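J.: The structure is given below, and queries will be raised subsequently.
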Amino acid sequence: KKANIAIVGATGMVGRTFLKVLDQRNFEIDNLYLFSSKKSAGSVVKFRDKEYIVEELNEDSFSRDIDIALFSAGGGVSKKFAPIAKENGVIVVDNSSAWRMDKDIPLVVPEVNPKDIDWNNGIIANPNCSTIQSVVPLKVLHENFKIKRVIYSTYQAVSGSGIGGIMDLENGINGEENKKYPHQIAYNCIPHIDDFMENGYTKEEIKMIEETKKILNDQDIRVTATTVRVPVKYGHSVSINIEFEKEFELDKVYELLKSVDGIVVIDDIKNNTYPMSIDVEGKDEVYVGRIRRDYSIDNGINMWVVADNIRKGAATNTVQIAELLLKNL
Ligand code: 2RA
């Protein structure tokens, strides 16, 4: 079935990746509409064998026949325009954090909670990139061993901040030129992603904590997080420590993880083989390795999870949600 698709934020890093993923996954598109801020309006974007003029987003943008709109233009644009799109009968899949914790808005990772799409009322939220790649392996383990507590430590690529983050890394510069970070990121790690809150956590850490519980639909899971920016271009890495309620065998953990479509287990320490950011750029899977028992607690494991933060962490997850919507159009 073909759909009329709109992309809001079409010239941004995620917006452009939406188009790449839609094409690679042979998403059937009837009409395509590309929107951006005034700054980028008028630019020409090629998709499949046609050229499209990017239009400036405004209140009338959705009063044409659009089925699904993919948003990646920041929380402000989503807050203002997603409701307008919804009023025009469009289903919005929003990559910003604007709607994620709204109780009436589903927060979806297709490998984890696809059924939550069914109760959408016009807006579906795409989770934070580091959350997406983490909950994919957690889901099957939670179902089998019941997760009691999760400790996240992240190593996040600069592309999570858009082109400005990449420029700061490439320029290795300090001082006023920094677009995105309070300190130099080249040859450095910055334990500060998004703004600090009153409780000493950053918004990025709170996103991982709250989004994990919403997606797994279990508010009893105890979650904490430390999110860190590292001098890597693409590919977030997350060290995940899990304490289960139930006992487990490590072999079973391997078997369960390997059974999940979308997970690739890479774990051969005898040959120095484990997931690394430089190996996942442009890929859509979630890579899991360094799986080992945590001997400091009764039923615990550690694992290392890596994924392309622009693909599975943003664009591909959004397109996968759109694919599920297409079935019900
Ligand atoms: C980051 N997760 O990595 C945030 C937003 N993409 O900057």
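Derivation of every value follows stated rules applied to the coordinates shown; laboratory data play no part. All values reported here derive from a predicted model rather than from experimental measurement. Backbone-built Cβ (ideal geometry, glycine too); neighbour counts: all protein chains shown.
J.: Setting aside same-chain residues fewer than 8 positions from Lys86, which aspartates and glutamates have a Cα under 16 Å from its Cα?
T.: Glu59, Asp60, Asp65, Asp67, Asp94, Asp102, Asp104, Asp118
J.: Follow-up. For the ranges 315-323, 245-253, what's the packing order if you count other beta-carbon atoms within 10 Å of each residue, average per peptide, and put the highest first?
T.: 315-323, 245-253
J.: Principal axis extents for segment 228-329, Cα atoms only, whole Å, descending order, please.
T.: Per principal axis, max minus min of the Cα coordinates gives 47, 36, 26 Å.
J.: Using unit Cβ charges (K, R positive; D, E negative) and no other charged atoms, how large, in debye to the nearest 20, is the dipole of the chain about its Cα centre?
T.: The calculation lands at about 200 debye.
J.: Return, ordered by residue number, the residues of segment 19-41 whose backbone nitrogen is under 13 Å from a label point located 7 Å along Cα→Cβ of Arg64.
T.: Under cut-off, by backbone N: 30-36.
J.: Which value, in debye to the nearest 20, gives the size of the charge dipole of segment 38-196 about its Cα centre, when Lys and Arg are +1 and Asp and Glu are -1 at the Cβ?
T.: The dipole magnitude comes to about 480 debye.
J.: Let me ask something else about it. Got the relative contact order for the chain handy, in percent, Cα pairs under 8 Å and 6 or more residues apart?
T.: 18 percent
J.: Got a sec? Which residues in segment 131-166 would a label at Val228 touch, if it sits 7 Å along Cα→Cβ and we count backbone N under 11 Å?
T.: Answer for segment 131-166: 153-156.
J.: Still on this model: Out of all DSSP beta bridges in segment 122-268, what portion is antiparallel? Express it as a percent rounded to 5.
T.: Antiparallel bridges make up about 55 percent of those DSSP assigns within segment 122-268.
J.: Follow-up question, since we're still on this one. Run through the DSSP bridge list for the chain and note the antiparallel percent, rounded to the nearest 5.
T.: 50 percent
J.: Considering all alpha-carbon pairs of the chain, what whole percent are spaced by more than 28 angstrom?
T.: 41 percent
J.: What fraction, in whole percent, of alpha-carbon pairs in segment 1-113 exceed 20 Å separation?
T.: 38 percent
J.: Could you give the size of the charge dipole of segment 154-297 about its Cα centre, using +1 on the Cβ of each K and R and -1 on the Cβ of each D and E, expressed in debye and rounded to the nearest 20?
T.: 220 debye
J.: If you don't mind, another one. Could I have the simple spin-label model distance between Glu281 and Cys189, label points 7 Å from Cα toward Cβ, reported in nm to one decimal?
T.: Between Glu281 and Cys189, the label points sit 2.1 nm apart.
J.: May I ask you to sort Met167, Met197 by Cβ crowding, counting other Cβ atoms within 10 Å and putting the fewest first?
T.: The order, fewest Cβ neighbours first, is Met197, Met167.
J.: Let me ask something else. Considering amide H positions built from the backbone, and no H for Pro or chain starts, which residues 5 or more places from Ala225, or on another chain, come under 5 Å of its amide H?
T.: For Ala225, the qualifying residues are Tyr152.
J.: Continuing with the same structure: Among DSSP beta bridges lying fully in segment 1-135, give the percent that are antiparallel, nearest 5.
T.: 15 percent
J.: Rounded to the nearest Å, what's the spacing between the alpha carbon centres of segment 227-253 and segment 279-307? Just the number, please.
T.: Value for the Cα centre distance between the two parts: 4 Å.
J.: Follow-up question, since we're still on this one. For segment 127-159, list residues with backbone N below 20 Å from a point placed 7 Å from the Cα of Ser296 toward its Cβ?
T.: 147-155
J.: If the cut-off is 18 Å between C-alpha atoms, which lysines fall inside it for Lys50, apart from same-chain ones fewer than 8 positions away?
T.: Result set, ordered by chain and number: Lys2, Lys20.
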